[in-house]
Structure formats: structure tokens, C-alpha cells
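Asker: Dropping a structure here in C-alpha cells format, bear with me for questions.
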Amino acid sequence: MEGDYIKVNKWLLPLSWFYGLGVKLRNMLFEMGVLKSQAFDLPVISVGNITAGGTGKTPHVEYLVRLLQETCKVAVLSRGYKRKSKGYVLADDTATASRLGDESFQMKQKFPKAIIAVDKKRVHGIKKLQEQFDDIDVVLLDDAFQHRYVKPGINILLVDYHRLIINDRLLPAGRLREPLNGKNRADVVIVTKCPKDLKPMEFRVIKKGMELFAYQTLYFTTFDYDNLQGLFNGKAKPLDAIAPDTNVLLLTGIGLPQQMEADVAKLYPRLTTLHFSDHHNFSQKDIGRINDTFAAMPAPKCIITTEKDAVRLKEAEGLSEEVRQNIYALPIHVTFMLEQEKMFNDYIIGYVRKNSRNSILVKAKDDNKPKDGHRAGNGPRSISFRNN
């Protein structure tokens, strides 16, 4: 059976009805033009969801950055969830996680050439980016599917395999932030965090259940993992450098950690988990719990956490020296399934090429590219732009 069993609180369904009524009214005001959606004269790609909780937005935005950053000027605009700053903030060398939010700060560290900014008001944020940079080729909006004040050129909706929207209910009984027909605004729907061993029948069942229109394309992605990165010891290790009999503490503060937990458990059966809420700010009590849990585990042992959590843990005080020397972040990257990568890449590249003001697409030279057009190795295939 596709996805996980979704718990719905039936006692809260009447409240969900009232919640849905409010969301429907808001969407109706946008459809009628009472509330305005603004389009911009440069490519804008939105990545988001209609579910409360993580669906893998940041890794998918990072995929787009990797696809485009070597060949055009990429800007990423997020609201900067749980940041301590206000208004529009542009990431620079003095940026911190508290000013940008953990995800935006993480992205700036990984992609120093990209323009990273945060602003709750996305229209204002895009205008500020245009004022500051006249050579931006594309703006990627992180977590903006429901931010309808901006009209993107491509609207990408992410759906977590472990909590399929077709089986969910509206808040507060379920986790949907708007009725299921909200998916109709998407140009692209991606089912994320899929197990690698999905059977052909499961793909077909999900595709049928999603009931997408002809103008919408359905993709499936899974997560692959890169070398472990030491938070404090400066060491990098491949996953297979840690013995399978190692006692591993998996420490996460993400929305839906099921797939990551399943993947890590396959490598390290002696797994202990500490799960916190998404974007969790670690208190001194939490730090004490981490220290005590790790101290009680027998050797050999280590801690694996997410890149997003690593950003906040680096700023936390009170981690024991034992924890500091044995905690590693596990970077993830998106991989498309069913050989859909080239189709997705070409769609994104074609949109940017057609709508970019400052660049034109020229043929990529990739001597290592297979005959079928797929790239060799991990990561998106490369393209080349030149200035007009």
C-alpha cells in the first residue's frame, strides 16, 4: 500500500470544515481578482506544498540551484521561517541562522554564488532583489505554493510519499492546509521521499489516485546521501566508513523523518532516535537530553543529524565534548525515479531560456554525457548560458 497510514482525528472534522471554508474564501478572492497575484518580467519558479510538515522543499530547491547556478544568476527567496529578524534580509558574509532561518543559512553556505534572501512578503522581496541585482536570470521561491500574491511561471507542488494528500484531511483533523483541489494550481507535482524499492504497481496506483489534469506532470523522487560531515571535528566520512555494528543516535528536527530513519536503519541496525518538531530550537533541556542519551550508549557510537539541524546545533551551547567530537551531518540530494530526470531538467531549462532577460541558452558540451541525454554521476546535468 502506498504511503503510510494517516491518522485523522475525527472529532476535529467539524473544525476542519470551518477551516476549509476560510481557505476556500481566500482562494476565491484570488480567482475573482479581489486579491491580486503579481507576475514579474523574469522567470519565477515556486516550490511548496499544501501539507503542514516537511515534504523535502529545501533539497528540491537545492536541486534547482545545482541545475542552474553554473549557467545563470540564481536568486532564492524564502520567508525565513523562525528567524529572529524582520522584513527583507539579504544573505552576506555576516549572515547567521538566527537572521536568515536555518534553511536559508544552510543554502547560503552550500551555494555561495547564489543570491539568498528572505522576506515574508514575497512580492516586496522580489522587487528588492530586482533593485539590487539587474542580472538575475531566475528567482526560486522556497515554500511559496500558498503564497498567491506572486504568480510564478512554474508552480511545483511537493507531496510526501509517507503522507499522500489524497489520503489526508484538512487541519486540524489532518494536515492539509487547503482543500485537495488546491493541487490544481500546480504545473508540476512531485511525490517525494519515495522508497527506492517501489513497485511499478505502486507508481500506477499513486498516479491514478492523484487525478491530475493534462497540463500537469507527475514526478517521483527519492533521497540519496552524501558523505557525513563532522559539525565540530572537521572530518568527512563516507557512510560505509562507519561499521554496521556502530550504535547510532539519529537526531532530527524535521517534519516527517520516516524515510531518513528507514534509510539509516538499513545501514546501522543499532539505531536510537531522538525526534524533535520541525525547525526545533534546541533548549538547554534538549541539549541535556542529547548529552545524556549519547553518554548512555555503548561504544562504538556516533550521532547523525540533518544539515538543517546541524545549522542550529552549531549555535547551541552546552553540547558535551563527547557529542561534539562524534556528531555528523548527513547531506541529502534529490534523485528522480523512473528515468524522469532529463524530462524535468529540460522543462526547467526551457522555461528559463525562454523567459530570461539576460541570458540565452547555448548547446552544452559534455563529453561524458550518455547517448540518451542523461548526465553521468550524481546531480543535475549541466547547461551553458552566455550573456547577450
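Asker: Restrict the search to region 4-37; then list the trypsin sites (Lys or Arg not before Pro) that DSSP places in a loop and that have at most 15 other Cβ atoms within 10 Å of their Cβ.
Answerer: Listed in order of number, the matching sites are 7, 36.
Asker: Kindly flag which residue pairs out of 36/86; 237/308; 84/235 have an alpha-carbon separation exceeding 27 Å in this structure.
Answerer: 84/235
Asker: Here's another thing I want to ask about it. Whole number in Å², please: accessible area per residue of region 133-269, 1.4 Å probe, ligands, DNA and RNA not counted.
Answerer: Computed with neighbouring chains in place, this is 40 Å² per residue.
Asker: By the scheme Lys and Arg +1, Asp and Glu -1, what is the net charge of all other residues having a beta-carbon under 12 Å from that of residue 154?
Answerer: +2
Asker: In addition: Picking from 37, 184, 206, whose Cα lies most toward the positive end of the charge dipole for the chain (charges on Cβ: Lys, Arg +1; Asp, Glu -1)?
Answerer: Toward the positive end, the furthest listed residue is 37.
Asker: Pop a pseudo-label 7 angstrom from the Cα along the beta-carbon direction at both residue 124 and residue 13 and give the gap in nm to one decimal.
Answerer: 4.1 nm
Asker: Once amide H atoms are placed 1.01 Å from N in the peptide plane, what residues at a sequence separation of 5 or more from residue 44, or on another chain, have their amide H within under 5 Å of its amide H?
Answerer: Under 5 Å from the amide H of residue 44 lie the amide H atoms of 139, 153, 154, each far enough along the sequence or on another chain.
Asker: Over the chain, calculate the relative contact order: mean separation of alpha carbon pairs under 8 Å at least 6 apart, over the residue count, as a percent.
Answerer: Averaging sequence separation for qualifying contacts and normalising by length gives 20 percent for the chain.
Asker: Compute the distribution of all C-alpha to C-alpha distances in region 83-131, in bins of 10 Å from 0, and list the percent of pairs in each, rounded to whole numbers.
Answerer: P(r) for region 83-131, in whole percents per bin: 28, 57, 15.
Asker: If you don't mind, another one. If you average the C-alpha positions of region 56-99 and of region 179-247 separately, how far apart do those two centres end up, in angstrom?
Answerer: Rounded to whole Å, the Cα centres lie 21 Å apart.
Asker: If you count, for each residue, the other Cβ atoms within 10 Å and average over each peptide, how do 46-55, 248-257 line up from highest to lowest?
Answerer: 46-55, 248-257
Asker: Given Cα pairs under 8 Å that are at least 6 residues apart, what percent is the relative contact order of region 92-168?
Answerer: Here the relative contact order equals 16 percent.
Asker: Can you tell me what the convex hull of the Cα atoms of region 170-215 projects to on average, as an area in nm²?
Answerer: Approximately 4.2 nm², given one-decimal rounding.
Asker: In terms of modelled amide H atoms, which long-range or inter-chain residues lie less than 5 Å from the amide H of residue 327?
Answerer: 231, 232, 303
Asker: Accessible area per residue of region 1-63 at 1.4 Å probe, in Å²?
Answerer: 56 Å²
Asker: Now a separate question. Order of 342-354, 66-78, 201-213, 168-180 by packing, highest average Cβ count within 10 Å first?
Answerer: Put in order of decreasing packing, that is 66-78, 168-180, 342-354, 201-213.
Asker: Using a probe of 1.4 angstrom, how much of the accessible area of the chain is carbon and sulfur, in percent?
Answerer: 52 percent
Asker: Under a 5 Å amide H to amide H cut-off, with H placed in plane at 1.01 Å, what residues pair with residue 247 once short-range neighbours are removed?
Answerer: When sequence neighbours closer than 5 places are left aside, the close amide H contacts are 301, 302.
Asker: Same structure again: Under the Karplus relation 6.51 cos²θ - 1.76 cosθ + 1.60, θ = phi - 60°, what is the ordered set of whole-Hz ³J(HN,Hα) values for region 188-196, x standing for Gly and Pro?
Answerer: Ordered by residue, 3J(HN,Hα) equals 10, 10, 10, 8, 9, 6, 6, x, 6 Hz.
The values are calculated or read from the model by the stated rules, or taken from the named source; none is laboratory data. These figures come from a predicted structure and were not determined experimentally. Here the Cβ is made from the backbone with ideal geometry for all residues, glycine too, and neighbour counts use every protein chain on show. Side chains are part of the model used for accessible areas, which takes the heavy atoms of the whole protein and leaves out ligands, DNA and RNA. Shrake-Rupley method; radii C 1.70, N 1.55, O 1.52, S 1.80 Å.
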